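Below is one structure, written out as structure tokens; comments come after it.
Laboratory data are not the source of any read-out in this text; all were calculated from the coordinates shown. Just so it is clear, the model here is predicted, and its values are computed rather than measured. Cβ sites come from the backbone with ideal geometry, for glycine too, and all protein chains shown count toward neighbours.
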Amino acid sequence: MSNVTHRRERGFTLVELSIVLVIIGLLIGAVLKGQELIDSARLKSQMTQLQSYKTAAAIFRDRYNAAPGDFNGAVTRLGAATSGGFAITNGDADGLIETAGSEDEQFWAHLLAGDLISGIGGDQFVLGEMLPAGKVGGAVNAVSVAANGNTRNWLRLGTPTGAGDTTGSLMAPPDAGELDAQFDDGVANSGDIQSTGNNCQTAGAYAFTTTTNQCVFFLYSGL
């Protein structure tokens, strides 16, 4: 009669499984928290970029007594072209940064020629050249338009839908709402920060449950 050795396979105990699940939970939590911090940093970086343009515009106005883009003495004071070869033209000095006369394009050309911004140039008004790329994507433009019925000289962050146009939705309502709450009044249709878009906000309340990009984001330029 042969001897047969029986070996019992040892499985995980409930305690061991519990420990593994706890570790997995902690790892998932750490990853999610890390992503949250990254996203928050990106949003703050975007706000820093917009505020730097607002500051540059204020310095330009103090220096030349005119808004960049709207400056009717630009060619005389700044020259015929920027260092990158972008032609400089005069604005009509009506206090508005308009698409008529390409004042919205000239906003960046005037700031560049005044050595108040850097990193954009070229001979065309396109994303990455005369239209600065946003930190969260899309692009930044400066234009006098009505945001939620409020006509002001805005810095508008959105997805380009044409040359010099940033009217495409770029930000999710929770992101736009977070920036609004941190840096303004948290209401989408009032204050110096506003957002537009049918699925972005209703009567000033951001659609925080909507996570798709539905918002065009506005910061008052101070001009």
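Observations on the structure shown:
- The length gained by stretching the chain between Ala41 and Ala203 to full extension, at 0.36 nm per residue less their Cα-Cα distance, is 55.5 nm.
- Of Ile19, Ile120, the sequence from fewest to most neighbouring Cβ atoms within 10 angstrom is Ile19, Ile120.
- Here the contact order of the stretch 67-210, divided by its residue count and restricted to Cα pairs under 8 Å and six or more residues apart, works out to 15 percent.
- Debye intensity ratio I(q)/I(0), log10, the stretch 42-220, q values 0.20 Å⁻¹ (C-alpha model): -1.29
- Here's how it looks for Thr166: its modeled amide H is under 5 Å from those of Thr161, which are all 5 or more places away or on a different chain.
- Unit charges on C-beta of K, R, D, E only; dipole of the stretch 42-220, Debye: 340 debye
- Once both labels are positioned 7 Å from their Cα atoms along Cα-to-Cβ, the gap between Thr161 and Asn148 label points is 1.9 nm.
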